[in-house]
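The values are calculated or read from the model by the stated rules, or taken from the named source; none is laboratory data. These figures come from a predicted structure and were not determined experimentally. Neighbour counts run over all protein chains shown; Cβ positions are idealised from the backbone, glycine included.
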Amino acid sequence: MHLLQDVEVDLARPDISDQQKETFRDITKSCQVVLSELEATLNKYRSLGATEGGKTKRTLRRLQWDPNEIQNYRGRIIANLAQLNSFQNKINRSVYALP
């Protein structure tokens, strides 16, 4: 989360190009897609459990995911984080470069 906030602060600078802003939008869209898919998969395994003291308790059904599915999510999340880190490093080098 901090990485996204750091990049957003850098993008608010007036010397950031429209191309850099577009690249950031593309990367964040990719992040949102993978996280939405992961959330949908997790919701598949959620179920409402027994009530405790009148409150419904959420429980997770036993996860029986295909290891390849987990590896796919992990790889996509790692790739997105690497893209964000690389992007932020490029911005920092261009914005904070010595004249």
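For first residues located in segment 5-31 and over 14 Å from residue 82 (Cα atoms) and without any contact (Cβ under 8 Å) to a residue 24 or more places away in the chain, partners that are among the hydroxyl-bearing types (Ser, Thr, Tyr) and exposed (fewer than 15 other Cβ atoms within 10 Å of the Cβ) and lie 6+ apart or on another chain with Cβ distances below 9 Å form the pairs 17/94.
For the criterion of being surrounded by 10 or more Cβ atoms within 10 Å (Cβ to Cβ), under 16 Å from the mean Cα position of the chain (by Cα), at pLDDT 70 or above and not β-branched (Val, Ile, Thr), residue 20 fails. Is it the case, given these coordinates, that residue 3 is in contact with a helix residue (DSSP H, G or I) (Cβ under 9 Å, 6 or more places away or on another chain), surrounded by 12 or more Cβ atoms within 10 Å (Cβ to Cβ) and modelled with pLDDT under 70? It is true that residue 3 is in contact with a helix residue (DSSP H, G or I) (Cβ under 9 Å, 6 or more places away or on another chain), surrounded by 12 or more Cβ atoms within 10 Å (Cβ to Cβ) and modelled with pLDDT under 70.
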